[in-house]
Amino acid sequence: MPAGHGLRSRTRDLFARGFRKKGTIHLSTYLRNYHVGDYVDIKVNGAVHKGMPHKFYHGRTGQVWNVTKRAIGVEMNKQVGNRIIKKRIHVRIEHVMPSRCTEEFKQRVKKNDQLKAEAKAKGVVISTKRQPLGPKPGFMVEGTTLETVTPIPYDVVNDLKGGY
Amino acid sequence: MECRVGFLGSTNQVPKNNMVGRTLGFLLFERLHSILHCLRYLLLAPAAHRGLAMVFVKAQKSRSYFKRFQVKFKRRRQGKTDYRARIRLINQDKNKYNTPKFRYVVRFTNKDITAQVISATIAGDIVLAAAYSHELPHYGLKVGLTNYAAAYCTGLLLARRVLKKLEMDDEYQGNVEATGEDYSVEPAESRRPFRALLDVGLLRTTTGNRVFGALKGALDGGLDIPHSEKRFAGFNKDGKSLDADVHRKYIYGGHVATYMNTLNEDEPEKYQTHFSEYIKAGVEPDSLEELYKKVHAAIRADPNPKKSEKQQPKEHKRYNLKKLTYDERKQKLIERLNALNAAAGANDDDSDEDDE
């Protein structure tokens, strides 16, 4: 029999629930709110069969473009052939988690705004740009001893060790 | 009989004192952090570790069993929450965003009735208002605090409290005169009625259950709770209709009054014991209906909770044991072993006291 290419083919492990994480879904999944424009991660919950996205979207991150009664519309990129298309799908809540991809960015924005405000109050010019890590500073190597290593002549008697 | 016991492959010193192998076999070892772990295995480990000839007990729950065991949610383990029902009660439409979804929670204990209106958040559930049947003495009801009529009063009290809190109590009077008929709140001009969903918990919802008495109380109080009259006391399954008179009887404690009367005629002694509190409070079977009418009126007049005059104690009484520190636990073990060795030494006339 040839291999099938059904909707959920090759998802035996992908859609499996985690080790010791089976059973009832915790309530915070249902209590979270999503607004249009939020970034969300798609992570399929194999226990809920309705509103499952196709396996391609498992692990993708996209923005919310629609909010319905029990599901979220998510828009993300997919490479089709030689181009990337924006795809819009609807996914039930259980398969969606809020993404933390912009969390670091938002924190940095907040911190930078605060730094800039402080600098403005003091009248100092600051740069809030992130700098890449430069080369490590030089240091003196301390506490070393010199050991000269030389090759020793080949010793036939000892090296054969009884077997030849 | 001397027994040397090694445990789980650990290398221990030979105990210096002689120990009689008792039924469980007492162990002396240095690594104290493995005490509880080892003791648990005493019951399950094969006989060889006990040092005495006993029936071969096969280890039922091996280490791999425990490693793979997935515990249910805590409240499920405690048998208190039905998560299947909870998910369905709490789930709010996503396009309603932060609008809270209220549930009307009714729970019965052996001596009390709890009625609450609760909304759920990720941090925890928030109680909007609560009413307990142990508050009913303030409104004139001293006895029978867990019957159908008391449930009705508690539901009514909760509904009036909620509406007062939200300043809707003038608009929504509800059903002032309890007739037992199915009553649903009519929407008023300015605001829609307060909507909540009944949460029965783990109760079996049979016809005539007290939880539906509490439901009726809340409905007559003015809350909008989707319901059907099928489970009220007095619903006729064959005719498929609610007999409003029977339900009204239950709301005013008529079923209790009937029982009191029959018991008084047939078995006066049993009446004295069974209804002793009623007799002490001076409640007669015929005066029950009047009493409940007064309680309803008192509840509608002032549903606010009464502050108790008692002061809160500065330190709260501890209900569970305080957790011991590592040193304290170690010390306890040393003392216990000393005591055991002393007792064993007294039996054996060997008195090598050991402070290990």
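Taken together, the values in this text are just the output of simple stated rules run on the coordinates, not laboratory data. Please read these numbers as outputs of a predicted model, since none were measured by experiment. Here the Cβ positions follow ideal geometry from the backbone for every residue, glycine too, while neighbour counts run over all protein chains shown.
For the residues of B:121-134, the average number of beta carbons from a partner chain within 10 Å of their own beta carbon is 1. For the stretch B:265-315, the calculated P(r), taken from all Cα-Cα distances in 10 Å bins from zero up to the bin holding the longest distance, is 18, 28, 27, 20, 6, 0 percent. Ranked by the mean number of other Cβ atoms within 10 Å of their residues, highest first, the peptides A:73-79, B:291-297, B:209-215 come out as B:209-215, B:291-297, A:73-79.
A viscosity of 1.567 mPa s and a temperature of 4 °C, combined with the Kirkwood radius over C-alpha pairs in the Stokes-Einstein formula, give the stretch B:113-160 a diffusion coefficient of 114 µm²/s. Given in Å, the Rg to one decimal and the Dmax to the nearest whole number for the Cα atoms of the stretch B:187-268 are 15.9, 57. In whole angstrom, note down how far apart the Cα centers of the stretch A:1-44 and the stretch B:285-309 are. Taking the Cα centre of the stretch B:285-309 as reference, the centre of the stretch A:1-44 is 53 Å away. Here the residues A:56, B:194, ranked from fewest to most Cβ neighbours within 10 Å of their Cβ, fall in the order A:56, B:194.
Computed from Cα positions, the angle between helix A:103-122 and the longest principal axis of chain A comes to roughly 80 degrees.
Bridging of residue B:96 to lysines at a Cα separation below 16 Å is possible for A:69, once same-chain residues fewer than 8 apart are set aside. Taken residue by residue and averaged, Cβ atoms of other chains lying within 10 Å of the Cβ of B:80-93 number 3.
With the contact rule set at Cα under 8 Å and sequence spacing of 6 or more, what percent relative contact order holds for chain A?
Numbers: 161 pairs, mean separation 28.1, N = 164.
RCO, chain A: 17 percent.
Cross-link partners for residue A:116 among the lysines, with Cα-Cα distance under 22 Å and sequence neighbours closer than 8 places in the same chain left out: A:106, A:129. Qualifying trypsin sites (Lys or Arg not before Pro) in the stretch A:31-64, where qualification requires a DSSP coil assignment and no more than 10 other C-beta atoms within 10 Å, comprise A:50. Only alpha carbons enter this Debye calculation for the stretch A:41-164, each as an equal point scatterer, and the log10 of I(q)/I(0) it gives at q = 0.17, 0.18, 0.22 Å⁻¹ is -1.00, -1.03, -1.20.
Amide hydrogen proximity for residue A:66: with H placed 1.01 Å from N in the peptide plane, the residues at 5 or more positions away or on another chain lying under 5 Å are A:73. Computed over neighbours whose Cβ is under 10 Å from that of residue B:212, the net charge equals +3, Lys and Arg +1, Asp and Glu -1.
Would you mind giving the mean number of other chain beta-carbons within 10 Å of the Cβ of each residue in A:30-40, as a whole number?
Working: counts 9, 8, 2, 7, 3, 2, 0, 0, 0, 0, 0.
What the average comes to for A:30-40 is 3.
FRET efficiency for residue B:272 and residue B:314, Cβ-Cβ distance as r, R0 = 41 Å, nearest 0.05?
Values: r = 44 Å, r/R0 = 1.07.
So the FRET efficiency works out to roughly 0.40.
Mean residue ellipticity, 222 nm, helices only, the protein assembly as shown: the sum of -39500 (n - 2.57) across DSSP H runs of n ≥ 4, divided by residue count and rounded to 500, is -9000 deg cm²/dmol.
The Cα center of the stretch B:170-207 and the Cα center of the stretch A:122-153 differ in position by 76 Å. With neighbour counts taken as other beta-carbon atoms within 10 Å, the residues B:109, A:24 rank, fewest first, as B:109, A:24. Quick one: Debye curve from the C-alpha atoms of the protein assembly as shown, no solvent, what's log10 I(q)/I(0) at q = 0.08, 0.09, 0.11, 0.12 Å⁻¹? Calculated log10 I(q)/I(0) at the listed q: -0.95, -1.04, -1.10, -1.13. Annotation: amide H of residue B:232 within the under-5 Å range of B:208, sequence separation 5 or more or interchain, hydrogens built in the peptide plane.
Radius of gyration over Kirkwood radius for the stretch A:36-104, both on Cα atoms: the Rg/Rh ratio is 0.96.
Determine which lysines satisfy two conditions relative to residue B:74: a Cα distance under 26 Å, and not lying fewer than 8 residues away in the same chain. Answer for residue B:74, where 26 Å is the Cα cut-off: A:21, A:22, A:43, B:61, B:101, B:111, B:317, B:322, B:323, listed by chain and number. When A:96, B:185 are arranged by Cβ crowding within 10 Å, least crowded first, meaning fewest neighbours, the order is B:185, A:96.
Estimate the FRET efficiency between residue B:121 and residue A:140 by the formula 1/(1 + (r/R0)^6), using the beta-carbon distance for r and 60 Å for R0, to the nearest 0.05. Before the final figure, lay out each step's value.
Numbers: r = 59 Å, r/R0 = 0.98.
After rounding, the FRET efficiency stands at 0.55.
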